[in-house]
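The values are calculated or read from the model by the stated rules, or taken from the named source; none is laboratory data. Source: prediction; values computed, not measured. Positions of Cβ are generated from backbone atoms using ideal geometry, with glycine treated the same way; all protein chains shown enter the neighbour counts.
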Amino acid sequence: MEQPSVTLSITKEVGTIEFFHPAHNAMPSNLLVKLQEAIDQADIESKIKVIILKSGGEKSFCAGANFNELVAITNQEQGELFFAGFANVINSMRKCSKIIIGRVQGKAVGGGVGLAAAADYCMATKYASIKLSELTIGIGPFVIEPAVSRKIGLSAFTQLALNPNTFFTSDWANQKGLYNATFDSTEALDYAVKDFAESLCNYNLDALEEMKKIFWKGTENWDAHLAERAKISGKLVLSDFTKETLKRFKA
């Protein structure tokens, strides 16, 4: 697997969405669009009862937004569009009528933490440490904050956001509620995810759908809310601080 991709496969009423990018699964805008489309497709596919969201490769789960695209932003419209990528995926996950299980095999940074938080139930390996690094380049994790704070609370989010150079362990993420279970190996994780997904398929689909509505109660305004957050980031990415920092990183 070398080329960026998003795939949707179906096995025993379980739909598995897998995304991949060779740069530590960092997600460029076009791949985020494909991921959003795959989630929407899985939602309406009658053969699917439960969805697994995973990334390819054995190491990083998702390194967040694509750095090369970030560097290339020259105006606020481009900036808003760029940051809307993860917002649109989170909103599709939120509005999807089916339970989404996150499978996190490795490190998650920035938007990758947002994807884990937007899953209805998330399992990870002990290697799946997390970091919100946005402040290091002069922006902040504005778009993903609602999803992350919803899972771990504002206090834990504050700890993450204000320590942008620190990887927090999978144990920490598990204790705070981002992960629902952690495992010693990818093999053990895959077994547990498969078993859990197939067990959910045995339940009343209508009941699961109603449960999902309860899980996401109070988020009905997120289409507009996350769009406003994307505007904040789109403005900040044009700041002198961020432009100078990105030049240093690129060099």
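Residues in region 32-68 that are at pLDDT below 95, under 14 Å from the mean Cα position of the chain (by Cα) and not small (Gly, Ala, Ser): 1 in all. Scanning region 191-240 for residues that are touching a Gly at 6+ places or on another chain (Cβ under 9 Å) and outside any helix (DSSP H, G or I) gives VAL237, LEU238, SER239.
Looking only at region 79-100, residues that are surrounded by 16 or more Cβ atoms within 10 Å (Cβ to Cβ) and more than 12 Å from the chain's Cα centre (by Cα) come to 9 in all. Of all residues in region 169-193, those satisfying the criterion of being within 14 Å of VAL113 (Cα to Cα) and touching a Lys or Arg at 6+ places or on another chain (Cβ under 7 Å) are SER170, GLY177, LEU178.
What residue, of SER29, SER55, is closer than 21 Å to LYS95 by Cβ and in contact (Cβ under 8 Å) with a residue 12 or more places away in the chain? Only one candidate qualifies: SER29. Which one of these does ASN163 not meet: (1) farther than 24 Å from THR219 by Cβ; (2) part of a helix (DSSP H, G or I)? Going through (1) farther than 24 Å from THR219 by Cβ; (2) part of a helix (DSSP H, G or I) one by one, ASN163 breaks only (2). Total residues in region 152-187 satisfying the condition of being closer than 11 Å to THR125 by Cα, without any contact (Cβ under 8 Å) to a residue 12 or more places away in the chain and surrounded by 14 or more Cβ atoms within 10 Å (Cβ to Cβ): the figure is 0.
Condition (residue is assigned to a helix (DSSP H, G or I), among the charged types (D, E, K, R) and either in contact with a Pro (Cβ under 9 Å, 6 or more places away or on another chain) or in contact (Cβ under 8 Å) with a residue 12 or more places away in the chain (or both)) applied to region 127-144: is it met by at least one residue? Looking for residues that are assigned to a helix (DSSP H, G or I), among the charged types (D, E, K, R) and either in contact with a Pro (Cβ under 9 Å, 6 or more places away or on another chain) or in contact (Cβ under 8 Å) with a residue 12 or more places away in the chain (or both), one finds at least one in region 127-144, hence yes.
For region 206-224, the candidate set comprises residues that are surrounded by 15 or more Cβ atoms within 10 Å (Cβ to Cβ) and not basic (Lys, Arg); within that set, the residue that is nearest to GLY111 (Cα to Cα) is TRP222. In region 166-190, the qualifying residues are those that are hydrophobic (A, V, I, L, M, F, W, C) and part of a loop (DSSP other than H, G, I, E, B), and the one that is farthest from LYS98 (Cα to Cα) is PHE167.
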